[in-house]
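Contents: one structure, followed by commentary.
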Amino acid sequence: MSSFFIKKRVLSAAVNKGDLKRKSNADDGKGRSKKFSKRADEEISSDSENERTEPSRKQQDNEDDEIEETPQEKKLRLAKLYLDQLRDEEDKKAEEESFEADLIAGRLQDDLLEQKGKLQRMIAKDLIAPDPEEVRLLRGHKLSVTCLVITPDEKYIFSASKDCSIIKWEAESGKKVHKIAGGRKGTEQRHVGHTAHVLCMAISSDGKYLASGDMNKLVMIWDPVTCKHLYKFVGHRGAVSGLAFRRGTHTLYSASHDRSIKVWSVDENAYVETLFGHQDMITGLDCLSRERCVTAGGRDRTVRVWKIAEESQLVFHGHEGSIDCVQLINEEHMVTGGDDGSISIWTVNKKKPVSTVKKAHGSHGNTGLEQPYWVSSVAALHNSDTVASGASGSHNSSLQLWKCGQGFRGLEPLFSIPVTGFVNSLKFSNSGKFLVAGVGQEHRLGRWWRIKEAKNGLYIIPLKRQAKEQEVVQ
C-alpha cells in the first residue's frame, strides 16, 4: 500500500517541474521512454494489488469490531450461552423421561390387561384378503403335514409330517434350511429322530428349545438353531397329541391319547407331574404365560383348563361331537373346533361357549343327509380379535378368517382362502404379518379318506392391513 502512494508522488513531482525536465526526457530518447513505461506498468500492478487487499482490509475491520467487546461483555455473553445450553439439555432430558415413563406405564398396563385376559387389539377390520399369487406353497414332505411352529423372531418355520421327518424352512425365501429325516419302524435304537408319525410340536418363547411328539409315545427335544437332538422324554402310554411351552419359561406340557397331561422341566431334563381328568383321548393342548394349560378332550366333548399350582381343573361343555383342536386367544378366552363343523369361543368364567358358529365351513352330502365339514384346526392371533379355522379335506375346502366381536361375543367371517386338502395345522406369526397352514392329503389323526389332488406342504399367507391397528380395552 505504501509503495503505491510513494510512486504516485514521484510521478506528480516529475510532471510539475516544467518543460525543461520534459525536454531532457525527450533528449534522452528511447531509454527514458522505456523507464517511464516501466513506471506506468508498476502503477497498474500496484492498483491490482490494492484490489486484492481490499477484502483483507474489510476482514481486519470486522475483526477489530469484534475485538472491541469488553471482557465483562464477553463473560456475560458466554454465561447466557451456557445457561441456554443447560436449559435445552434439561428440557430434552425431561421430555425423554416423560416419554420413557409413558412407555413404561403403557407397557405395564398392557401386561396387566394381558394377564387379566382383557387386552384385545382390534385389527380384524383392517385385514385385506391376499391375492392368490401372493400365497406361497412350500413342498418337501412326502406325506401329510401334521403340525408346524414359527420361531419367535419369525425367521424360520418348522414343519412335521406323517413321513416322520421335521423340516426347517426360511420364512422369507421359502428355502429348506435343514431336514431331520424320519426313520423306519424298528430302527428306534440306532436312528436319531422319529420313527412314527409326528403329531405335534412346540417351541419355547426364547427360541432355545423345540419339542416334538409322535405316535410312538415319545417327546423329543431339539436345538432349533443346529437341529441337534438334545433329550428324549418317555412316560406316556399313548400317542403324544399336544405340546406347549409355558411362555417365558422352559416348562413343557404334553398331552396324550392315554388321557393324561404331563409336566416336564426341559432345563433339568426332568419329569415333574401327571394330571388326569379326561374321559377320552386328548386331541389338542395350548398354554400361555400363566401356570395353567387348556386341553381338548376329543369325544368326551369337554374343554378343560388345568390350574397347575391349585391342582384343580375347570370343565367346559358345548360341542355336539369330538373337539379336535383348541387355541388360547388370551389368558381368559379360547377358540375350539370340532367334527360337528362348529367353531366356539369360550371364556374361563362360563361353562358354555359365549359364541358358536355352526357349519362354519359348510356341509356336503345329499339333500336331507348333509354332513358338516370337520373343523380340523384353529389358530388365534394372541390378544387380538382375529382367529382362523381350517376344514377337513375336500376339493373346495378353505381357510377362513374370523373377527371376534367386542368382548369376544360373536364371530363374523372376514375372508376365505381356497385350499385343497386337510388343513391339519394353523399358526399366526407373533406380529400378525402372516399365517401358515400345514396341509395334507389325509387328516393328522387318521386315514378316514384321502384326497389325491391335495399337495402336502405349507401355505404361507400374507396378512395385509389397511391402517394402523388400535388397541381397545374392554
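The values are calculated or read from the model by the stated rules, or taken from the named source; none is laboratory data. Because the structure is a prediction, the values reported are computed rather than measured. Don't worry about glycine lacking a Cβ; one is built from the backbone with ideal geometry, like all the others, and counts go over all protein chains shown. The protein model used for the area step is the full one, side chains on, heavy atoms only, and it has no ligands, DNA or RNA in it. Shrake-Rupley method; radii C 1.70, N 1.55, O 1.52, S 1.80 Å.
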- Query: In the stretch 327-348, which residues are open to solvent by less than 20 Å² (accessible area, probe 1.4 Å), closer than 14 Å to A391 by Cα and in contact with a Ser or Thr (Cβ under 6 Å, 6 or more places away or on another chain)?
  - Reply: T336, G337, G338, S342, I343
- Any idea how many residues of the stretch 125-180 are on the phi < 0 side of the Ramachandran plot, outside any strand (DSSP E or B) and either among the charged types (D, E, K, R) or touching a Pro at 6+ places or on another chain (Cβ under 9 Å) (or both)? 17
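Tell me, which strands (runs of 3 or more DSSP E) wholly within the stretch 261-358 include 2 or more residues that are within 22 Å of P372 (Cβ to Cβ)? Give the derivation first.
On the way: elements: 270-276, 284-287, 292-296, 302-307, 312-317, 323-328, 333-338, 343-347, 355-357.
Where strands (runs of 3 or more DSSP E) fall fully within the stretch 261-358 and carry at least 2 residues being within 22 Å of P372 (Cβ to Cβ), they are 302-307, 312-317, 323-328, 333-338, 343-347, 355-357.
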- Message: What pairs come out if I take residues in the stretch 440-455 that are over 17 Å from M215 (Cα atoms) and assigned to a loop (DSSP other than H, G, I, E, B) and pair them with residues that are open to solvent by 90 Å² or more (accessible area, probe 1.4 Å) and among the charged types (D, E, K, R) whose C-beta lies under 7 Å away, six or more apart or interchain?
- Response: Q441/R450; Q441/K452; K455/R139
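Does E97 meet the test of being in a helix (DSSP H, G or I), at pLDDT 90 or above and not small (G, A, S)? Before you say what the answer is, go through the steps one by one.
Values: in a helix (DSSP H, G or I): yes; at pLDDT 90 or above: no; not small (G, A, S): yes.
No: the conditions fail for E97.
Every residue in the stretch 446-458 that is open to solvent by less than 40 Å² (accessible area, probe 1.4 Å) and in contact with an Asp or Glu (Cβ under 9 Å, 6 or more places away or on another chain), please. Write out each step before concluding.
First, the residues of the stretch 446-458 that are open to solvent by less than 40 Å² (accessible area, probe 1.4 Å): 446, 451, 454, 456-458.
Within the stretch 446-458, I451, A454, N456 qualify.
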- Counting only residues that are closer than 19 Å to G238 by Cα and β-branched (V, I, T), the stretch 188-222 contains a total of 4
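Yes/no matrix, rows are residues, columns are (1) surrounded by 16 or more Cβ atoms within 10 Å (Cβ to Cβ); (2) without any contact (Cβ under 8 Å) to a residue 12 or more places away in the chain; (3) over 23 Å from G182 (Cβ atoms); (4) among the aliphatic types (A, V, I, L, M):
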| residue | (1), (2), (3), (4) |
| --- | --- |
| K217 | yes, no, no, no |
| C227 | yes, no, no, no |
| L243 | yes, no, no, yes |
| E311 | no, yes, yes, no |
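Got a sec? Which of G235, G248 is out of contact with any Lys or Arg (no Cβ under 7 Å at 6 or more places or on another chain) and open to solvent by 40 Å² or more (accessible area, probe 1.4 Å)? Give the steps one after another, and end with the answer.
Numbers: G235 fails: out of contact with any Lys or Arg (no Cβ under 7 Å at 6 or more places or on another chain).
After applying the criteria, what remains is G248.
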- Task: Out of N430, N424, report the one residue that is out of contact with any Leu (no Cβ under 8 Å at 6 or more places or on another chain), open to solvent by 50 Å² or more (accessible area, probe 1.4 Å) and not basic (K, R).
- Result: N430
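For the stretch 376-392, check the following and say yes or no: at least one residue is under 24 Å from K455 (Cβ atoms), under 30 Å from the mean Cα position of the chain (by Cα), at pLDDT below 90 and not hydroxyl-bearing (S, T, Y). So that I can check it myself, show each step before the final result.
Filtering the stretch 376-392 down to residues under 24 Å from K455 (Cβ atoms) leaves 376-379, 388-392.
Narrowing further to those that are under 30 Å from the mean Cα position of the chain (by Cα): 376-379, 388-392.
Those still in the list that are at pLDDT below 90 too: 391-392.
Narrowing further to those that are not hydroxyl-bearing (S, T, Y): 391.
Yes: the stretch 376-392 contains one or more residues that are under 24 Å from K455 (Cβ atoms), under 30 Å from the mean Cα position of the chain (by Cα), at pLDDT below 90 and not hydroxyl-bearing (S, T, Y).
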- Note on the stretch 351-406: residues over 19 Å from E442 (Cα atoms), open to solvent by 20 Å² or more (accessible area, probe 1.4 Å) and of a type in the set (S, T, Y) are T356, T367
